[in-house]
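Worksheet: the structure to be examined is printed underneath.
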Amino acid sequence: MTEQVLFSLPLERLEPIFKSWVRDVLSQDKHEKTEPIEEVFLTVDETAEFLKVKRARVYGYIYNRAITNFKRRGKIYFKKSDLVKWRAEGRRMTRDEIALAAAESLKQ
């Protein structure tokens, strides 16, 4: 259990303390995020499972050059981050988003 301390200080004295604390917390987060993230590569079967499609569909994507892939020693690999980005690009807009885009287009 943490200890709680209540005290009364004017805002002028509290502000530098809080700013220093926030700076320390943000710098810790920055150092943690700068660590290199190991890229995950998936095979065709793993890609099919990840995208929830059949293996033949993945080969169709390859044939049509719909998704980026890498060939190494006769095997095909996909970056998981590329697949996540590709899947997000296929997102359909909601009716509200379509109406907003149309209104923006008409303004121009």
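Taken together, the values in this text are just the output of simple stated rules run on the coordinates, not laboratory data. In this text the structure is predicted, and so the values were computed from the model without any measurement. We place every Cβ from the backbone using ideal geometry, glycine too, and count neighbours over all the protein chains shown.
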A convex hull over the alpha carbons of segment 41-89 yields, per residue, a volume in Å³ of 68
With the 8 Å Cα cutoff and a minimum separation of six or more residues, the chain has a relative contact order in percent of 21
Using the Cβ atoms and a cut-off under 14 Å, what net charge is assigned to the surroundings of V40, where Lys and Arg are +1 and Asp and Glu are -1? -2
Helix-only [θ]222 nm of the chain, DSSP H runs n ≥ 4, -39500 (n - 2.57) each, per residue, nearest 500: -18500 deg cm²/dmol
